[in-house]
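Below: one structure, written as structure tokens.
The values are calculated or read from the model by the stated rules, or taken from the named source; none is laboratory data. Being a predicted model, the structure only gives us computed values, none of them experimental. Note: ideal-geometry Cβ built from the backbone for every residue, glycine included; neighbour counts use all protein chains shown.
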Amino acid sequence: MIRARVGKRRVAILVAAALLSVAVFFYLDQHNHLSSVIQAWGTFGVGAGILLMALICMTPMPSEGLLLILLKVYGVWFGLLYAWIGSSASAVAIFAIARLVGRPLMETLIDPVKLRKVEKFASRKGVTGLLVARLLPVPAMLVNYTAGMLPSISFIVYLWTAMVTIIPYYASTALLYEGVAAGAQSWLFTGIAAIAVLMMGGFLLNRRYARRL
């Protein structure tokens, strides 16, 4: 119980840090000075953004904060692409870590209750279970670490489910950003609706399948 509280506290701190970082960046970049500097870095700047996204996605810190920054710097399409590549790279790294390190260390990093919950469902339902688990309201890194430890899940299945299921979340965030940045109410409301659908869908899936775990 105490461990779960400490874990929630750490996540809350990481979320607050992510929000503060985004707020500071957007405040300092009101006239696009920072964006211009990062763009001038060329390939190095793109690589740094992808690497940073990969590292963030390996932690409980929300990656949407960095996604917003990439959208601001590189535009919607390239920002989405670089964020998606970084997220996919993190999934590959997590798979390797989970297979090499194994369960004992993972249980020291992840709440064992949540770990068993995702593990039991994914192993019982196979590919469908892994897809559903990735849509549940739990951090993507938790599902990645858990799925990476399951011998029954191949690397190909693990990777494509990770690469596909992250798209709706990032696309919804991009719609919100575009709606605010461009003052386009249609994009804004579409983004809000998409996020609401994802949240409601995750809640309903969690409510439906939690009883079976």
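Here is how the numbers come out for the structure above:
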read-out	value
From the options Y74, Y27, residue that is of a type in the set (F, W, Y) and farther than 28 Å from N144 by Cβ	Y27
Where L67 falls short, out of the listed (1) in a helix (DSSP H, G or I); (2) modelled with pLDDT under 95; (3) farther than 25 Å from G179 by Cα; (4) under 19 Å from the mean Cα position of the chain (by Cα)	(3)
Pair list, Cβ < 7 Å and 6+ apart or interchain, from region 59-70 residues that are in contact (Cβ under 8 Å) with a residue 24 or more places away in the chain to residues that are in a loop (DSSP other than H, G, I, E, B)	P60/P139; S63/C57
Unmet requirement for I156, which otherwise passes all of (1) modelled with pLDDT of 85 or more; (2) in contact with a Gly (Cβ under 9 Å, 6 or more places away or on another chain); (3) surrounded by fewer than 15 Cβ atoms within 10 Å (Cβ to Cβ)	(2)
Pairs with Cβ under 8 Å, 6+ apart, first in region 14-37 and within 16 Å of L71 (Cβ to Cβ), second outside any helix (DSSP H, G or I)	A18/M61; A18/P62; S35/D29
